[in-house]
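Here the structure is laid out as structure tokens; the discussion comes afterwards.
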Amino acid sequence: NVMPELEEKGHYLFKGKVLISNGEREVIKDTVEMEKFLSYYAENKLAELGLETDLKFMIYSKKTTNTLYRRKRPDGLQPINTNIPGHYITVGVEGPFESIKALYDVGFGQNTGTGNGLLWEVTMWWYQ
């Protein structure tokens with residue numbers, strides 16, 4: 001299914017699975033550190049795209065989760081099942097629309113190729 005287009009507004013609320021680690025393959029569990037690393041990964045992606053990097057992340061809820069990922073073996077035999085740790089989060093994001101839209105399109109956090117980082121917008125009538 002195609003993700004719905006993001007509409008321009010001042011603040012967004014997203015939900016989904018993300019992988020946020022410290023580069024040492026350790027999944028970060030502290031909320032403030034998670035927000036810091038989300039900003040760090042967003043800045044790197046946005047700088048590569050030539051977009052503004054001034055975003056603010058606020059994690060409202062998080063729950064530890066794992067994503068089952070089947071990767072190919074170099075010898076072509078039976079695929080290897082790998083559990084990728086991460087978090088199911090609800091996160092608020094503020095910043096320039098084009099930058100938020102780019103992250104919405106390419107993914108938040110790390111390891112977006114395994115489906116982590118695909119967040120969808122939470123829409124509620126009282127939220128707008």
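The values are calculated or read from the model by the stated rules, or taken from the named source; none is laboratory data. Predicted model only: the values in this text are computed from it and were never measured. Using ideal geometry, Cβ is built from the backbone for each residue, glycine included, and neighbour counts are taken over all protein chains shown. All accessible areas refer to the heavy atoms of the entire protein, side chains included, with ligands and DNA or RNA removed. Shrake-Rupley method; radii C 1.70, N 1.55, O 1.52, S 1.80 Å.
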Can Ile100 be described as open to solvent by less than 80 Å² (accessible area, probe 1.4 Å) and free of Cβ contacts under 8 Å to residues at least 40 places away in the same chain? no
All but one of (1) open to solvent by 60 Å² or more (accessible area, probe 1.4 Å); (2) in contact with a Gly (Cβ under 8 Å, 6 or more places away or on another chain); (3) closer than 12 Å to Phe108 by Cβ; (4) modelled with pLDDT of 90 or more hold for Asp54, so report the exception by its number. (3)
So in region 34-55, with the set limited to residues that are out of contact with any Ser or Thr (no Cβ under 8 Å at 6 or more places or on another chain) and aromatic (Phe, Trp, Tyr), which one is farthest from Lys101 (Cα to Cα)? Tyr40
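Which one of Thr90, Thr65 is open to solvent by less than 40 Å² (accessible area, probe 1.4 Å), in a strand (DSSP E or B) and in contact with a Pro (Cβ under 9 Å, 6 or more places away or on another chain)? Steps first, please.
Numbers: Thr90 fails: in contact with a Pro (Cβ under 9 Å, 6 or more places away or on another chain).
Answer to the selection: Thr65.
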Are any of the residues in region 40-49 exposed (fewer than 11 other Cβ atoms within 10 Å of the Cβ), modelled with pLDDT under 90 and within 13 Å of the chain's Cα centre (by Cα)? no
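Table: residues versus (1) assigned to a strand (DSSP E or B); (2) of a type in the set (Gly, Ala, Ser); (3) within 15 Å of Val122 (Cβ to Cβ); (4) in contact (Cβ under 8 Å) with a residue 12 or more places away in the chain.
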{"residue": "Glu7", "(1), (2), (3), (4)": "no, no, yes, no"}
{"residue": "Lys15", "(1), (2), (3), (4)": "yes, no, yes, yes"}
{"residue": "Lys29", "(1), (2), (3), (4)": "no, no, no, yes"}
{"residue": "Ala47", "(1), (2), (3), (4)": "no, yes, no, no"}
{"residue": "Thr53", "(1), (2), (3), (4)": "no, no, no, yes"}
{"residue": "Tyr60", "(1), (2), (3), (4)": "yes, no, yes, yes"}
Any residue that is within 14 Å of Gly107 (Cα to Cα), among the hydrophobic types (A, V, I, L, M, F, W, C) and open to solvent by 50 Å² or more (accessible area, probe 1.4 Å) - is there at least one of those in region 5-28? no
